[in-house]
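Novice: Structure incoming, see below.
What follows draws every value from the coordinates through simple rules; no lab data is involved. Remember, predicted model here, so these are calculated numbers, not experimental data. For neighbour counting, all protein chains shown are included, and Cβ atoms are generated from backbone atoms with ideal geometry for every residue, glycine included.
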Amino acid sequence: MTTLVPLPGHPQIARRDGVLYIENIALDTLAREYGTPLFVYSKQWILDALDAYQRGLSGRDALICYAVKANSTLGVLRVLAQAGCGFDIVSGGELARALAAGADPARVIFSGVGKTRAEMRQALDAGIGCFNVESEAELEVLDAVARQTGRRAPVSLRINPDVDPKTHPYISTGLKGNKFGIAHERALAAYQHAARLPGLEIIGIDCHIGSQITAAAPYLDALDRMLDLIERIEAAGIALRHIDLGGGLGIDYNGETPPSAEVLWQQLLARLDARGFGQRRLLVEPGRSLVGNAGVCLTEVLYTKPGAAKNFCIVDAAMNDLPRPAMYEAFHRIEPVRARAGLAETVYDVVGPICESGDWLGRERALAVHAGDWLAVLSVGAYCMSMASNYNSRPRASEVLVSGAQATLIRRRETLADQLRCESD
């Protein structure tokens, strides 16, 4: 009888008789067919993660807007659009991708601190649902662009609540020292200024405190500060139709235990109800928590290299494919695709071929592998392919979406011709 052993935190990934499967497909089958490095995503995991939000917000006037920056591949965006998601974008390129994936522009919100005039016009022409404005200077520019196009821009102001999300400093966004949002103490004045600008229509308020948050307390703290502020803004005669609480819920990379989206929203809704805001329209912007654990990166072992201080397992994936370890010193579990019986484990640093000492995928990992074996790097569905580059003139990897026993190529591997087509001598 086949033995099925799901990996902790990854219910769509399991070992069957020593071989790793994603849903109902063996990962070594995909590595042989599509080559490596290769990103593979579980469609069912994405839908299950979204369902947790939908259950948590059931019965409420709520819109779930997927944060496109987490993974902007069209095949992934289409899964979410077909499941009823709106989209949170931060560039004109992300707007074009969301629309190409079938997004309803009225369910798109545009965040980001540096929107250009061209991007504002693009979004107004598309008829997006809301601009999350991040500075008083942006209010002035958006008002001018809207009036030039003969439209009123629907806006919410992103307020920085100065709440510590207890996460990596590079992905904290709600503290006074962060570049995002309008300072909490300036919020009322900023809203009063926005209300005087004829090209703007105020429809809501927004905050986002960071990413990879693994506890409910920072969300509850931010919510309380926002509700205090809403009471003051509305007492000044400015109505706010929606409350946008952003995203940032973390995932299990290495034993972290974030609350489920359903449990988190039960707590947030209880606080909203207790303070009399339970019937207000709600927006939420999850990214990593919808796609992060849906993805694995398959990579081939090129060489094992013993050293005086360290042993190295050199693979064909690198920091251009998986930037999170080099950028954040992030941990990703690394598993052999096919377990080798009878081979003793060796402790390796798993590294790529790029000419940088920062090109590592995992440090001090006990692995039983030979050259030619495949490894699976887990939890790579978010902020990996969307941040990938051509450093060292390496082609970006292929991507495959798995649904049950069916695999669909959703991005072919780049060629050198792809890389050179925009260049001239």
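Novice: Of A309, Y34, W360, whose Cα points farthest to the positive end of the dipole of the chain (charges on the beta-carbon: +1 Lys, Arg; -1 Asp, Glu; origin at the Cα centre)?
Specialist: Y34
Novice: Each label point is 7 Å from the Cα along the Cα-to-Cβ direction; what then is the distance between the points at A270 and R152, in nm?
Specialist: Result: 3.9 nm between the two label points.
Novice: Further question on the same structure: Given the convex hull over the Cα atoms of region 275-381, what projected area results after averaging over all orientations, in nm²? It would help to have the intermediate numbers written out before the result.
Specialist: Working: hull surface 39.4 nm².
For region 275-381, averaging the hull's shadow over all directions gives 9.8 nm².
Novice: I've got another one for you. Mind putting a number on the dipole of region 1-160 about its Cα centre? Charges go on the C-beta only, +1 for Lys and Arg and -1 for Asp and Glu, and I need it in Debye to the nearest 20. Before the final figure, lay out each step's value.
Specialist: Working: 17 positive and 17 negative charges, 35 e Å.
It works out to roughly 160 debye.
Novice: As a test, work out the antiparallel percent of DSSP beta bridges whose residues both lie in the chain, rounded to the nearest 5. Present the calculation step by step, with values, prior to reporting the outcome.
Specialist: Numbers: 38 of 75 bridges.
Around 50 percent of the beta bridges assigned by DSSP in the chain are antiparallel ones.
Novice: Taking Cα centroids, how far is region 397-425 from region 43-104 in Å?
Specialist: The distance from the Cα centre of region 397-425 to that of region 43-104 comes to 22 Å.
Novice: Could you tell me how many degrees, from 0 to 90 and to the nearest 10, lie between the Cα long axis of helix 117-126 and the main elongation axis, the longest principal axis, of the Cα atoms of the chain?
Specialist: Compared with the principal axis, the helix lies near 90 degrees.
Novice: Ignoring solvent entirely, what values of log10 I(q)/I(0) come out of the Debye formula for region 111-286 at 0.09, 0.19, 0.20 Å⁻¹ when each Cα is a single scatterer?
Specialist: -0.31, -1.25, -1.34
Novice: What is the extension gain from M387 to D224, computed as 0.36 nm multiplied by their sequence separation minus the C-alpha to C-alpha distance, in nm to one decimal? Before the final figure, lay out the partial values.
Specialist: On the way: separation 163, 0.36 × 163 = 58.68 nm, distance 3.36 nm.
Contour length minus the Cα-Cα distance gives 55.3 nm.
Novice: Shifting gears a bit: Averaging the inverse of every distinct alpha carbon separation and then flipping it gives the Kirkwood radius. What is it for region 65-157, in angstrom units?
Specialist: Values: mean 1/r = 0.0766 Å⁻¹.
13.1 Å is the Kirkwood radius here.
Novice: A further question on this structure: Given q = 0.07, 0.08 Å⁻¹, what are the Debye log10 I(q)/I(0) values for the chain, with equal point scatterers placed on the Cα positions and solvent ignored?
Specialist: -0.37, -0.47
Novice: Also: Let me confirm the definition first: pairs of Lys residues in the chain, 8 or more apart or on different chains, C-alpha distance under 20 Å. How many are there? Kindly include the intermediate steps, with their values, before the conclusion.
Specialist: Details: K43/K69; K69/K115; K69/K179; K115/K179; K166/K176; K166/K179.
Taking the chain as the scope, the lysine pair count is 6.
Novice: Run the simple label-point estimate for T257 and E414 please: 7 Å along Cα→C-beta, distance reported in nm.
Specialist: Spacing of the two 7 Å Cα→Cβ label points: 4.1 nm.
Novice: While we're here: Quote the charge dipole size of region 111-286 about the Cα centre in Debye, to the nearest 20; the model charges only the Cβ of Lys and Arg (+1) and of Asp and Glu (-1). Don't skip to the answer; put the middle values down first.
Specialist: Values: 19 positive and 23 negative charges, 108 e Å.
With only Lys, Arg, Asp and Glu charged at Cβ, the dipole is about 520 debye.
Novice: What FRET efficiency do you get for E364 and S403 if R0 is 41 Å and r is their Cβ-Cβ distance, rounded to the nearest 0.05?
Specialist: Values: r = 36 Å, r/R0 = 0.87.
After rounding to 0.05, the efficiency reads 0.70.
Novice: Looking at region 223-274, what % of the alpha carbon pairs are farther apart than 15 Å? Before the final figure, lay out the partial values.
Specialist: On the way: 789 of 1326 pairs.
Counting every Cα pair in region 223-274, those more than 15 Å apart make up 60 percent.
Novice: Hey, another quick one. Using only Cα atoms and rounding to the nearest 10 degrees, what angle (0 to 90) does helix 217-235 make with the longest principal axis of the chain?
Specialist: Relative to the chain, helix 217-235 is tipped by roughly 20 degrees.
Novice: Further question: Once the Cα gyration tensor of region 1-136 is diagonalised, what are the square roots of 5 times its eigenvalues, in whole Å and ordered largest first, as equivalent ellipsoid semi-axes?
Specialist: On the way: eigenvalues 253, 66, 27 Å².
Equivalent-ellipsoid dimensions as semi-axes: 36, 18, 12 Å.
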